[in-house]
Amino acid sequence: MAALQGRDFLSSADITPEQTQALLALASDLKAGRTRIDLSGRSLGLIFSKASTRTRVSFTVAMARLGGQTIDLNPQVSQVGRGEPVADTARVLSRYVDALAIRTFAQEELQEYAHWASIPVINALTDLEHPCQALADYLTLQERFGAVEGLTLAYVGDGNNVAHSLMLCGALLGVNVRVGCPQGYAPSPAVLQQAQQLAGDRCRIEVVHEPVAAVRGAQALYTDVWASMGQEEEKGARERAFAGWCLNEELLAEADGRAIVLHCLPAYRGLEISAGAMEGSSSRIFDQAENRLHAQQALLGALLGGCQP
Ligand code: CP
Ligand code: NVA
């Protein structure tokens with residue numbers, strides 16, 4: 001874990017399988033009150049170019065609980081919105097704060113921040129990935145089944161940022177990840193290939209184009225919005241393309257009897273998920289949202305070096 005100190009977390013694949021497991025174990029210990037992290041006097045800057053409830057609040061509360069603080073540096077309130085270059089912003093902020101959590105569109109912009117900043121940069125969601133979300137998701141799966149290796153997580157819906165991080169992080173943890181999506185909405189082939197390489201012979205990362213084939217026998221059913229932030233104009237076309245892809249009780253009946261239902265939220269009931277699946281006894285969606293807080297405390301402790309020896 002000490003090897004993570006000072007590092008960036010731009011992608012689920014930035015860390016090793018052992019580090020991923022260690023972060024989940026630390027998050028679990030923090031949640032149970034078995035360990036403490038001290039980040040007193042430390043500051044996290046939040047640069048969010050897209051809306052957020054969970055990520056913004058969980059990072060803010062995580063820092064407060066660890067004795068540190070967050071500073072909102074949204075483009076609207078900083079000089080970023082007026083065009084100050086990333087190269088200048090990143091170098092200046094590195095003189096004030098101890099880490100940056102950035103939510104933006106292009107992964108390349110995040111990488112540019114990381115290039116210029118001398119402090120850890122955390123991906124708080126880009127169009128390509130949502131790695132903090134995946135940590136909380138696998139923590140939720142681990143809480144339900146004790147260990148995640150060998151389990152199957154079925155993701156039904158758009159092959160988007162959330163799907164990408166689930167594939168990469170799942171590969172590191174030995175989880176079979178089956179992405180079910182309509183033709184034309186598959187995950188990035190490059191990410192699929194990367195995840196399959198990381199998985200090796202340990203687990204299977206695959207894409208299928210039929211909902212029942214995706215979920216059959218799985219221990220977790222996961223979905224996300226059909227139109228992500230930045231795709232608002234495609235909403236109507238996407239709703240037509242995704243007809244028949246709702247994560248509902250019928251689909252749940254095809255999964256393992258112990259399966260849990262997950263959604264990163266925000267959710268649109270009646271579109272990608274039925275109200276029944278969301279509120280039913282298999283749902284762990286609100287535990288999953290809570291776990292953002294615990295997983296990110298672990299991540300901040302590791303990157304900022306606040307963990308107990
Ligand atoms: N799941 C998630 O990242 O939610 P927010 O967009 O509210 O942060
Ligand atoms: N895929 C969604 C996730 C929101 C947390 C989006 O990018 O809008």
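Overview of results
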| read-out | value |
| --- | --- |
| Candidates L66, L10 - the one that is touching a residue at least 40 places away in the same chain (Cβ under 8 Å), closer than 16 Å to N291 by Cα and surrounded by 15 or more Cβ atoms within 10 Å (Cβ to Cβ) | L66 |
| Residue under evaluation R178, criteria (1) of a type in the set (D, E, K, R); (2) surrounded by 14 or more Cβ atoms within 10 Å (Cβ to Cβ); (3) over 24 Å from D14 (Cα atoms), criterion not met | (3) |
| Scope region 101-128; condition of a type in the set (A, V, I, L, M) and within 16 Å of ligand 1 (Cβ to nearest atom); matching residues | A101, I102, L110, I122, A124, L125, L128 |
| Scan of region 213-260 for residues that are within 16 Å of ligand 2 (Cβ to nearest atom), of a type in the set (S, T, N, Q) and touching a residue at least 24 places away in the same chain (Cβ under 8 Å), ordered by number | T223, S228 |
| When residues of region 36-67 are limited to those that are assigned to a helix (DSSP H, G or I) and hydroxyl-bearing (S, T, Y), the one nearest to ligand 2 (Cβ to nearest atom) | T55 |
| Among (1) among the acidic types (D, E); (2) within 16 Å of ligand 2 (Cβ to nearest atom); (3) under 22 Å from G170 (Cα atoms) - the single one E210 does not satisfy | (2) |
| Some residue of region 231-253 being in contact with a helix residue (DSSP H, G or I) (Cβ under 9 Å, 6 or more places away or on another chain), outside any loop (DSSP other than H, G, I, E, B) and closer than 30 Å to A27 by Cα | yes |
| Pair list, Cβ < 6 Å and 6+ apart or interchain, from region 266-277 residues that are more than 16 Å from ligand 2 (Cβ to nearest atom) to residues that are assigned to a strand (DSSP E or B) and not small (G, A, S) | A275/R269; A277/L247; A277/V261 |
| Residue within region 71-93 that is closer than 21 Å to D137 by Cβ, outside any helix (DSSP H, G or I) and of a type outside the set (V, I, T) present | no |
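To keep it simple, each residue is scored yes or no on (1) within 20 Å of R54 (Cα to Cα); (2) more than 16 Å from ligand 1 (Cβ to nearest atom); (3) more than 19 Å from the chain's Cα centre (by Cα).
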| residue | (1), (2), (3) |
| --- | --- |
| G236 | no, yes, yes |
| H263 | yes, no, no |
| R284 | yes, no, no |
| G301 | yes, yes, no |
| C307 | no, yes, yes |
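Read the figures in this text as sums done on the coordinates, not as results from a lab. Model, not experiment: these values are computed from the prediction. FYI the Cβ positions are ideal-geometry reconstructions off the backbone, even for glycines, and counts take in every protein chain you see.
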